[in-house]
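The values are calculated or read from the model by the stated rules, or taken from the named source; none is laboratory data. Given the structure is predicted, the values throughout are model-derived calculations rather than measurements. Counting neighbours? That spans all protein chains shown, and the Cβs are built from the backbone with ideal geometry, glycine included.
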Amino acid sequence: NAGVTQTPKFRVLKTGQSMTLLCAQDMNHEYMYWYRQDPGMGLRLIHYSVGEGTTAKGEVPDGYNVSRLKKQNFLLGLESAAPSQTSVYFCASVRGGRGADTQYFGPGTRLTVL
Amino acid sequence: AQKVTQAQTEISVVEKEDVTLDCVYETRDTTYYLFWYKQPPSGELVFLIRRNSFDEQNEISGRYSWNFQKSTSSFNFTITASQVVDSAVYFCALRGGFQKLVFGTGTRLLVSP
């Protein structure tokens with residue numbers, strides 16, 4: 001049981017390049033999330049998904065796209081990276097429903113855009 | 001709108017001192033949930049506690065304790081007899097719709113020997 005995994009762990013991009021971050025969970029969780037963490041700003045929600053085939057915008061969605069083609073995977077895409085997207089990205093998942101279950105976080109991806 | 005405020009950006013203590021991390025929240029929901037997470041220097045997020053709005057009892061877990069007061073919309077976290085291993089960034093968070101988390105900006109705790 002690996003929990004929540006993220007690929008890659010580190011990445012350096014040049015402005016304008018594209019990339020996809022992969023999040024995978026093996027806990028059969030319905031809900032998945034992408035957050036970004038910036039110094040002094042805590043974690044902010046980018047996009048989230050409440051089930052396979054569904055996605056929704058969070059607090060800071062601009063410049064990102066997501067897809068949830070399979071229940072266990074949640075992909076975050078940057079079509080044209082900008083220096084403002086330099087950040088640490090965390091994926092999380094939770095069982096789902098009306099409760100307040102513990103969100104399980106991945107180890108994070110540190111992205112630098114030059 | 002929901003909001004979490006952690007006014008203390010950084011706290012420095014000497015080992016064995018007690019330290020309290022403050023968390024103030026805003027929500028219009030009558031039922032809500034609050035969380036504390038720890039982020040050690042290695043970077044991962046570690047879940048510490050979840051508390052729902054129905055339960056105002058203080059919680060104690062070893063050297064950790066939490067004081068939840070609805071009257072002041074606060075959910076403060078106290079570490080008793082701090083240790084160097086407690087050095088980390090601590091986040092308070094409020095659950096929103098679809099179990100999204102709204103985080104505070106975090107408090108960095110530095111415990112020196």
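Side notes on the structure shown:
- Residue A:12 among the aliphatic types (A, V, I, L, M) and at the interface with chain B (Cβ under 10 Å from one of its Cβ atoms): no
- Single unsatisfied condition, residue A:97 versus (1) closer than 20 Å to residue A:111 by Cβ; (2) in contact (Cβ under 8 Å) with a residue 24 or more places away in the chain; (3) in a loop (DSSP other than H, G, I, E, B); (4) not hydrophobic (A, V, I, L, M, F, W, C): (1)
- Whichever residue in segment A:73-97 is within 12 Å of another protein chain (Cβ to nearest Cβ) and among the hydrophobic types (A, V, I, L, M, F, W, C) and, among such residues, is surrounded by the most Cβ atoms within 10 Å (Cβ to Cβ): A:91
- Listed conditions (1) surrounded by 13 or more Cβ atoms within 10 Å (Cβ to Cβ); (2) modelled with pLDDT under 90 are all met by residue B:60, apart from (1).
- Residues in segment A:20-42 that are modelled with pLDDT of 95 or more and of a type in the set (A, V, I, L, M): A:21, A:22, A:24, A:32.
- Within segment A:39-64, the set of residues being more than 13 Å from chain B (Cβ to nearest Cβ) and farther than 19 Å from residue A:9 by Cα comprises A:52, A:53, A:62, A:63.
- Strands (runs of 3 or more DSSP E) fully within segment B:9-113 counting 2 or more residues that are in contact with a Leu (Cβ under 8 Å, 6 or more places away or on another chain) and within 14 Å of chain A (Cβ to nearest Cβ): B:33-39, B:46-52, B:88-95, B:101-103
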